[in-house]
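The values are calculated or read from the model by the stated rules, or taken from the named source; none is laboratory data. This structure is a prediction, so every number in the text was calculated from the model and none was measured. Glycine gets a Cβ as well: all are built from the backbone with ideal geometry, and neighbour counts include every protein chain shown. The protein model used for the area step is the full one, side chains on, heavy atoms only, and it has no ligands, DNA or RNA in it. Shrake-Rupley method; radii C 1.70, N 1.55, O 1.52, S 1.80 Å.
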Amino acid sequence: MCNPSISQQREPKTNRQPEAALLHMYSWSGQGFRPAMNPRDLCGGEEALPVPVCGEWTRLPAFQYTAELVAGPGAQLDPSEVTIQGCKCQGPSCLPGKCACLPHGESYLHRRLHSAQKPILECNIMCPCGESCANRETQQGLQFQLQVCQVPGKGWGLFTQENVPSGRFICEYAGEVLGREEVHRRIHEQDPEANNYIIAVLEHLHSGCTLETFVDPTFIGNIGRFLNHSCQPNLVMVPVRTHSMVPRLALFAARDIQAGEELCYDYSGMAFNFTPNSELHSRPSQDKERERNQGKKCLCGTAPCSGYLPFDVTLYKAAP
């Protein structure tokens, strides 16, 4: 499998929306779920560490919390089903050249992402190597103190409360795994003023085929749904497979991050040299209707800002 590309889209009044070919984000209108939210832990104990809310937490969008991907309408595979056999390593840690889960060499060095340019396969529950194996980094859950805060002009955002070294795992982007037809339906039913959340992960194989994974945390999701877009991001999203062929959308620090910084990533992935989809655009389409609906302004405020959030026109086409 070759490098994934990235695209996505998100909310208009915040800095959310899709872009180039590993991630895409869109949203749709409807009633979400509002669990018994605790401002001291938005995750309700579902994560390894609590994630407090800083701000008027009663105004948080309604959603049901999940720490992992869940099967949604049209999903071809259930992400909770074990479909990858795993390795046969007996030692406490697996080694490249000997472990079937490390076909491309080490995925992590000293708990840091070795390369964002190659597919990652972690050891899973079928592997006898044990939980202490270094090739299980994203399965350790949250490792840094994070918090959800209100951001002037954007709505909500995810921040770190401590320094994060480059390459370290932050969190994953979890939600409902959808089929393309359901994605198309939700996109066309969305309120133009609603938040956009659907990510489309497109992985291009050497055979010429493309694997599509659509994740929507609008109603069922985790803290990843609060991440805003930036044209100069401090995070990179990488598909990571563990026990299922459905990839987990793992977010890693793209550089050393200081305590108090907002965590952002490029919805298109273009900041990290992923191959862009030819039908993906970072600026408004010449089509007037798309200019009105998808030409959302980017609010990242960085020097290389393109001015607009990315969007993928292919998701506006009906499924075959």
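Here is how the numbers come out for the structure above:
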{"quantity": "GLU68 vs. criteria modelled with pLDDT of 95 or more, within 30 Å of PHE159 (Cβ to Cβ), in a loop (DSSP other than H, G, I, E, B) and open to solvent by 70 Å² or more (accessible area, probe 1.4 Å)", "calculated": "yes"}
{"quantity": "Enumeration of residues in segment 202-222 that are hydrophobic (A, V, I, L, M, F, W, C) and more than 16 Å from TYR267 (Cα to Cα)", "calculated": "LEU205, CYS209, LEU211, PHE219, ILE220"}
{"quantity": "In segment 142-162, the residues that are modelled with pLDDT of 95 or more, over 17 Å from THR58 (Cα atoms) and not charged (D, E, K, R)", "calculated": "LEU142, GLN143, PHE144, GLN145, LEU146, PHE159, THR160, GLN161"}
{"quantity": "Count of residues meeting criterion [in contact with a helix residue (DSSP H, G or I) (Cβ under 8 Å, 6 or more places away or on another chain) and more than 19 Å from PHE226 (Cβ to Cβ)] in segment 187-199", "calculated": "3"}
{"quantity": "Whichever residue in segment 43-55 is closer than 13 Å to GLY157 by Cα and part of a loop (DSSP other than H, G, I, E, B) and, among such residues, is least open to solvent (accessible area, probe 1.4 Å)", "calculated": "VAL51"}
{"quantity": "Single condition CYS127 does not satisfy, out of (1) within 23 Å of LEU251 (Cβ to Cβ); (2) crowded, with 23+ Cβ neighbours inside 10 Å; (3) at pLDDT 90 or above", "calculated": "(1)"}
{"quantity": "Filter pass, GLN117 being among the polar types (S, T, N, Q) and not in a loop (DSSP other than H, G, I, E, B)", "calculated": "no"}
{"quantity": "Residue in segment 133-140 that is in contact (Cβ under 8 Å) with a residue 60 or more places away in the chain, open to solvent by 30 Å² or more (accessible area, probe 1.4 Å) and either assigned to a helix (DSSP H, G or I) or more than 30 Å from LYS296 (Cα to Cα) (or both) present", "calculated": "yes"}
